[in-house]
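Please treat every number below as a calculation from the coordinates, not as lab data. Note that this is a predicted model, so its numbers are computed, not measured. Heads up, the Cβs are rebuilt from the backbone with ideal geometry, glycines too, and the neighbour counts pull from every protein chain shown.
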Amino acid sequence: MQKHGLDIKEEITRDMDFDVAFSPSEDEKGINELNEKARELGTVNPGAIEEYEELKDRHDFLIKHQRDLTISITELEEAISRMNIATKRRLREAYTLLRTKFSEVFATLFGGGGKADIILTDKENILESGLEIIAQLPGKRLQNLNLLSGGEKALTSLAILFAGFLVRPGPLCILDEVDAPLDEPNTARFGQMIRGLSNETQFIIITHRRATMEIADYIYGITMEEPGVSKVVSVRFSEAKA
């Protein structure tokens, strides 16, 4: 306490009850201990109370934000869990419907024979599962899509595409030479399927096949009447027939 201009003996004598006898020699040890403790305290910080209040306010602010973040994380995890459940349910419903439509379209495109299916590679985790396409053409054994010929692969892929449009029609579909590997009977069935789907979807088809051109409402072609000069020619079939 000497550092702060105080004498412990004087302070104790001033504040004590004078009816009680005081013996400095008996309390010398206690006084020395108090002096030692006072020295250990070091320099007094006058702004300690203000600093404490600032730190306490900052601590309370951070605790409140931590609590808010914890609540937000919990709510977000619950929302993700609900979304995953709903997504799995809707995806499984769409998958089941797509399997049914794919089997029907496959049989139609291949002339009423054969069967096909879409298999999940991971049935327990449909959100991350892949798809395996299995096809059995008329008169052939069941096999993977990779083992089919070029024309069979093209027609099977078109069956999946058309099945998707039957499940959920889209406004527009662009097909580029998809009928190139098909033979005449398959091209005719392809055209019939396009014609049926065109009530809900507009198809733009790039093709060189005459059978495919015959189903179109409009035809746009490129001709070169003069060498090096290209010209776009368009034909509206309804007007041409009239």
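Worth a mention:
- Total lysine pairs under 20 Å (Cα atoms) in the chain, excluding pairs fewer than 8 apart on one chain: 14
- Ascending count of other beta-carbon atoms within 10 Å, so fewest first, for LYS101, LYS231: LYS231, LYS101
- Amide H partners (placed H, <5 Å) of ALA116, local residues excluded: GLN136
- Kirkwood estimate for segment 75-132, i.e. one over the average of 1/r between Cα atoms, Å: 13.0
- Between the helical axis of 184-197 and the longest alpha-carbon principal axis of the chain there is an angle of about 50 degrees.
- Among 198-206, 157-165, the peptide with the highest mean count of other Cβ atoms within 10 Å heads the list, and the full ranking is 157-165, 198-206.
- Rh (Kirkwood; distinct C-alpha pairs) - segment 47-108, Å: 16.2
- The packing ranking of peptides 132-141, 76-85, highest mean first, is 132-141, 76-85, where packing means the average number of other beta carbon atoms within 10 angstrom of each residue.
- Kirkwood Rh and Cα Rg combined as Rg over Rh, evaluated for the chain: 1.63
- For segment 169-242, convex hull volume per residue from C-alpha positions, Å³: 121
- Positive contributions from Lys and Arg (+1) and negative ones from Asp and Glu (-1), summed over other residues with Cβ under 11 Å from the Cβ of ARG168, come out at 0.
- Contact order relative to length of the chain, as percent, for alpha carbon pairs under 8 angstrom and 6 or more apart: 11
- For the chain, the Cβ-based charge dipole about the Cα centre amounts to some 2980 debye (Lys, Arg positive; Asp, Glu negative; other atoms uncharged).
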